Amino acid sequence: MSRPVLGVESSCDETGVALYASGHGLLGHRLYSQADMHAAYGGVVPELASRDHIRKLLPLLKALLDETGLKLRDLGGIAYTAGPGLAGALLVGAATAQALAWSLDLPVLGVHHLEGHLLAPLLDAQPPEPPFVALLVSGGHTLLVEVTTIGRYRLLGDTLDDAAGEAFDKTAMLLGLPYPGGPALAKLAEDGDSNVFRFTRPLCNRPGLDFSFSGLKTQVLLAWQRSDRRATTRADIAASFEAAVAETLVIKCRRALATCGLQRLVVAGGVGANARLRRTLQRTAEKDGFRVHFPRLAFCTDNGAMIALVGALRLAAGQQDGTMIHIRPRWGLEDLPEVA
Ligand code: KG4
Ligand code: ZN
């Protein structure tokens with residue numbers, strides 16, 4: 001077993017640490033979610049997020065080392081999320097990772113958060129082999145990406161406005177649900193009938209692989225305002241909205257697979273935890289004859305394990321950064337170097 005790489009995630013409102021060793025896999029991971037703290041404000045407050053990362057990061061690392069029985073001197077390298085994300089939050093992970101690497105004389109690498117999501121399915125016991133199409137649906141992104149090899153990504157489609165997770169969060173807020181809205185809306189939708197309201201499947205009846213979800217929340221708001229506002233109606237609206245998003249994503253996934261001539265789809269990002277999306281995709285995959293991989297639920301949303309994994313792959317290929325504390329709050333996936 002090679003020496004483990006420490007992964008540090010702090011790009012938004014989750015503090016994550018993990019240890020990953022090539023040839024062995026994930027040795028352990030710890031996660032702290034700030035969601036309860038931000039709930040009072042209805043969304044992430046960047047300055048509060050940064051301060052909380054400062055409070056939580058080192059205690060989490062200590063707990064992880066205790067749990068795995070490892071010492072700092074056992075580490076072989078350190079990886080941290082360098083972007084994209086909130087600048088202050090990213091700086092906490094970057095500064096901590098660089099300070100540890102400098103004091104332990106270890107190689108260090110800033111990792112792309114979205115590459116972490118894309119490759120999170122490789123943490124599975126039976127990981128999907130590239131080439132595949134990845135659907136990356138998180139709070140900040142809705143991307144279709146062709147993964148030719150690890151490190152070589154071609155952007156096929158993007159959102160023109162709201163990300164899928166953002167659409168869930170904003171719609172949940174309109175329906176009076178607590179933050180974070182995605183899981184709350186999904187729970188409410190379980191009791192609803194998705195055929196009661198017919199919301200549009202945006203951009204599906206024209207060619208292309210881009211998404212647009214911002215119009216859906218207006219449709220939801222109008223439906224809710226014009227309704228009898230009963231609890232069952234609210235659940236029906238939630239289910240109908242969820243079905244509109246899930247079906248739109250599925251239509252574009254099929255189109256992306258056809259465009260690339262591929263038969264393997266990987267779903268990543270927080271919205272990948274959505275049960276209706278999983279069900280609809282699975283059913284379509286069985287009908288169409290393609291394979292779909294979902295990461296474990298814990299690795300759909302932000303976590304340190306995916307950062308440790310990407311760090312281990314890239315450090316093993318000889319990639320590493322200097323001692324500068326370097327972050328990239330905006331960072332395109334296609335700018336990444338290949339993993340040799
Ligand atoms: O990947 P992630 O943890 O963070 C980002 O990098 O954005 O994704 C968070 C997003 C949020 O918008 C959240 O509402 C959404 O994923 N989400 C869900 C579900 N669980 C998380 N959306 C729909 N259904 C879910 N079960
Ligand atoms: Zn994320």
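A compact table of results
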{"read-out": "The chain: calculated mean residue ellipticity at 222 nm from DSSP helix runs of at least 4, using -39500 (n - 2.57)", "value": "-13500 deg cm²/dmol"}
{"read-out": "Dipole in debye (nearest 20) - the range 129-294, about Cα centre, beta carbon charges: Lys, Arg +1; Asp, Glu -1", "value": "260"}
{"read-out": "Cut-off 12 Å between beta-carbons: net charge of the residues surrounding Ala305, Lys and Arg +1, Asp and Glu -1", "value": "-2"}
{"read-out": "Cut-off 15 Å between beta-carbons: net charge of the residues surrounding Ala223, Lys and Arg +1, Asp and Glu -1", "value": "+3"}
{"read-out": "Farthest toward positive dipole pole in the range 243-302 [+1 Lys/Arg, -1 Asp/Glu at C-beta], among Pro295, Val271, Ile251", "value": "Ile251"}
{"read-out": "Where the range 129-294 is the region considered: accessible area per residue in Å², 1.4 Å probe", "value": "44"}
{"read-out": "Long-range amide H partners of Asp321 with built H, under 5 Å", "value": "Val108, Leu109, Gly110"}
{"read-out": "Cα-only radius of gyration and Dmax that characterise the chain, units Å", "value": "20.1, 65"}
{"read-out": "Amide H partners (placed H, <5 Å) of Val292, local residues excluded", "value": "Leu265"}
{"read-out": "Within the accessible area of the range 129-294 (1.4 Å probe), percent carbon and sulfur", "value": "49"}
{"read-out": "Highest-first arrangement of 185-197, 60-72, where packing means the average Cβ count within 10 Å", "value": "185-197, 60-72"}
{"read-out": "Cα gyration tensor shape of the range 42-110, rounded if a/c is under 1.5, else prolate or oblate by comparing a/b with b/c", "value": "oblate"}
{"read-out": "Euclidean distance between Cα centres, the range 138-198 to the range 272-319, Å", "value": "15"}
{"read-out": "Asp74 versus Leu155: modelled label distance in nm, points set 7 Å from Cα along the beta carbon direction", "value": "4.1"}
{"read-out": "Gaussian network model of the chain, springs between alpha carbon atoms under 10 Å - residue of Gln126, Gln319, Gln282 with greatest fluctuation", "value": "Gln126"}
{"read-out": "Built amide H within the under 5 Å cut-off of Thr159, gap 5+", "value": "Thr142, Phe211"}
{"read-out": "Hz values of 3J(HN,Hα) by residue in the range 309-322 - Karplus curve (6.51, -1.76, 1.60), Gly and Pro given as x", "value": "4, 4, x, 4, 5, 7, 5, 5, 7, x, 7, 7, 9, x"}
{"read-out": "Relative contact order of the range 129-294, pairs being alpha-carbon contacts under 8 Å that are 6 or more residues apart, as %", "value": "27"}
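The values are calculated or read from the model by the stated rules, or taken from the named source; none is laboratory data. Computed from a prediction, not measured in an experiment: that's the story for all the values here. Reconstructed Cβ throughout: ideal geometry from the backbone, glycine too, with neighbour counts over all protein chains shown. Quick note on the areas: whole protein, heavy atoms, side chains included, nothing else; ligands and nucleic acids left out. Shrake-Rupley method; radii C 1.70, N 1.55, O 1.52, S 1.80 Å.
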